[in-house]
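Accompanying notes for the structure given below.
Values quoted throughout were computed directly from the atomic coordinates according to the rules given, and no laboratory measurement underlies them. All figures in this text were calculated on a predicted structure; none of them were measured in a lab. Cβ: placed from backbone, ideal geometry, glycine included. Neighbour counts: every protein chain shown.
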Amino acid sequence: MAHFLTADPPADVTPAASTPAVTFTSAGETLLGVLHLPAGPGPHPVVVLLHGFPGIERNFDLAHALRRAGYAALVFHYRGSWGVGGTWSFQHVLDDAGQVVTTLRSEAAVYGLDSRRLAVVGHSLGGFAALMTAAADPAVSAVVSVAGFDFGAAAALSRADPAVRAAYVESWDGELLPLRGTSGEALVAEMEAAGESWRLAGLAPRLADRPVLLIGAGRDSVAPVDVHHHPLVAAYQGRLAHKVFPTDHALSDHRVALARTVVDFLDRHLRG
């Protein structure tokens, strides 16, 4: 069998791989997505990929790698981002992620998907959303957070130090071009208002019975591992796997290693 990182699937497999555009409705807004369907009759396990803030890195390379490995992979945009209607907020990201997972599960048969083998994988803000979504939805089979941003931990730092708060406002103000209806100040205020309810270590009891993979980046200046990764590793129990790669927040020079690690993890838990 050809390896998913080095070869395409055989050309004679039917149905052939395809990449349909899909839409979802969340709070009256139409969310745009792309579903990467693998070759073969299915039903295929499915991975929902959640991008970060504002979505510069959308992990399409990971979606294609997952498809070659036999997984359907969905990439979509949240409300208020990249031309999608509505307004952007962190809570809307959580609401949209939950709604997309629920809808995809209910429509699984339409696309030849196995709703009993559905994983959520997210990067940065998407890693936060992936863990929050899985904690709220016991039917999610497995969850992966890549350089996940712990908004509860960040909220505590922001409230404790005006200079940290100002840095978050300035940084997030600089990321708003593809987003609508928000500001750096509004996003920091939202994070601070949520406070401890968004601290990822607190999700440990709700995720203890399911496979969790936490990936950190040792040169991450956005979500430093001492704040956003190591405390989660210490708190989480159950079927936890974790790894820190010596790279930056986007895992810019570890994309092959990322794909291999995620697929190996999903193969152990969704195909076993």
request  = Before anything else, pin down the relative contact order of the range 39-187: Cα pairs under 8 Å, at least 6 apart, normalised by residue count, whole percent.
outcome  = 27 percent
message = Regarding the range 195-272, what's the average projected area of the Cα-atom convex hull, expressed in nm²?
response = 5.5 nm²
ask   = Which whole number in µm²/s is D for the chain by Stokes-Einstein, with the Kirkwood Rh taken over Cα pairs at 25 °C and 0.890 mPa s?
value = 131 µm²/s
query = Along the three principal axes, how long is the range 1-105 when you take its alpha carbons, biggest first, rounded to the nearest angstrom?
reply = 45, 24, 19
key: Rounded, prolate or oblate (a/c below 1.5 giving rounded, otherwise prolate when a/b exceeds b/c) for the range 80-142 by Cα gyration tensor   = oblate
query = With contacts defined as alpha carbon pairs under 8 Å and 6 or more residues apart, what's the relative contact order of the chain in percent?
reply = 16 percent
Antiparallel %, DSSP beta bridges [both residues in the range 19-127], to 5 = 50 percent
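Rounded if a/c is under 1.5, else prolate if a/b is larger than b/c, else oblate: which is the range 115-272, with a ≥ b ≥ c the root eigenvalues of its Cα gyration tensor? The partial results should precede the final answer.
Values: a/c = 1.83, a/b = 1.54, b/c = 1.18.
Prolate shape, in that a/c is at least 1.5 and a/b is the bigger ratio.
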Value in Å of the Kirkwood radius, where the range 140-218 supplies the Cα pairs that are averaged = 14.1 Å
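What ranking of 60, 90 emerges when the number of other C-beta atoms within 10 Å of each C-beta is taken as an exposure proxy, fewest first?
Numbers: 60 14, 90 22.
Listing 60, 90 from fewest to most nearby Cβ atoms yields 60, 90.
Given the rule -39500 (n - 2.57) for each run of at least 4 DSSP H residues, summed and divided by the residues of the chain, what is its mean residue ellipticity at 222 nm, to the nearest 500 deg cm²/dmol?
On the way: 11 runs with 105 residues, N = 272.
Theoretical 222 nm ellipticity from helices: -11000 deg cm²/dmol.
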ask   = Once the Cα atoms of the range 36-87 are picked out, what are the Rg and Dmax in Å?
value = 12.7, 38
task = Taking the chain as the reference, fit the longest principal axis to its C-alpha atoms, fit the long axis of helix 90-106 to the helix C-alpha atoms, and give the angle between the two in degrees, 0 to 90, nearest 10.
result = 20 degrees
remark   = Over its alpha-carbon atoms, the range 65-207 yields an Rg and a Dmax in Å of 16.2, 51
The chain: antiparallel DSSP beta bridges as a percent of all, rounded to 5 = 30 percent
